[in-house]
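Structure record follows, encoded as structure tokens.
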């Protein structure tokens, strides 16, 4: 019988980090729990301690001023989707949030949890008995990638839709750890390793997302999935352009990390499109084939350019 995990509910971020220190490496921070608890039931997470940070008020704030938008890590996707001023300033964030899961799940799921969503693969995100029958992969202590047959690298796909939108907007994240607070650009959070997909310490905590306000910023968000709700992304794209003509193309769902391609409207757009198609390490680990997802990258990027008037 599986041991019932310890449940802790801190009152502050300081107390949350203290609980994490006491639990050594055998814990998970828990906010909405819409990803963590599913992984626990599937046997993909063996943590013996859950630290529930959802009640820490300072992590849930949303604040906007003329220079910056600040979103607390435990703000829910529903709050982002329906925040009127945020929808007016940066509508792509509301669009990305609304594309995730279902309305009921978005009431609990948090933006920080979505940024830290575990990489997914059709050969990994299954029940324990299914994985045992088909054979364990690199992501669950096996010795082979079932999708590719290789033994060196896991290519489980990065599926955070909020990260794709936020990276296109030059977002930074605030991280609180044992050594204090630091800020990094959001794309640096991701390692590109399908097994250990994040770069920061497990005993650290994302406290906020910060997005600079840039004049004339316009974005187009697109997402491929087999159903309009619940399903994780097979391909997510966001293209953002500001009034200086600077472009950021961000892809998710087609590589172990988000793919960022920077350029400008003065560049050859066909060349930017080809870079977007060639750069991701797409493999057959999704309900859609590798070939189809590569083709859809070109379709989404080209159509986004048209919608932006480029």
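Laboratory data are not the source of any read-out in this text; all were calculated from the coordinates shown. In this text, all values refer to a predicted model and were calculated from it rather than measured experimentally. Glycine gets a Cβ as well: all are built from the backbone with ideal geometry, and neighbour counts include every protein chain shown.
Output the antiparallel fraction of DSSP beta bridges having both residues in the chain, as a percent to the nearest 5.
Given both bridge residues lie in the chain, the antiparallel proportion sits at roughly 85 percent.
Give me 214, 106 ranked fewest to most by other Cβ atoms within 10 Å of their Cβ, as a rough exposure proxy.
Listed from fewest to most nearby Cβ atoms, that is 214, 106.
Fewest to most neighbouring Cβ within 10 Å: what's the order for 232, 158, 200?
200, 232, 158
With no solvent and one point per C-alpha, what does the Debye sum give as log10 I(q)/I(0) for the chain at q = 0.12 Å⁻¹?
So the normalised log intensities work out to -0.80.
Using a Förster distance of 41 angstrom, determine the FRET efficiency expected from the C-beta separation of residue 229 and residue 179, and round it to 0.05.
0.50
Taking 0.36 nm per intervening residue step and subtracting the Cα-Cα distance, what contour gain separates residue 129 from residue 141 on full extension?
Separation in residues times 0.36 nm, less the Cα-Cα distance, equals 2.8 nm.
Restricting things to alpha carbons, find the Rg to Rh ratio for segment 166-310 using the Kirkwood radius for Rh.
With Rg and the Kirkwood Rh in hand, the quotient comes to 0.99.
So if R0 is 45 Å, what FRET efficiency would residue 265 and residue 201 give, r being the distance between their Cβ atoms, rounded to the nearest 0.05?
For R0 = 45 Å, the calculated efficiency reads 0.70.
How high is the relative contact order of the chain, in percent, with contacts defined as C-alpha pairs under 8 Å that are six or more residues apart?
Relative contact order here is 15 percent.
As a footprinting exposure proxy, order 173, 105 by other Cβ within 10 Å, with the fewest listed first.
Starting with the residue having the fewest Cβ neighbours, the order is 105, 173.
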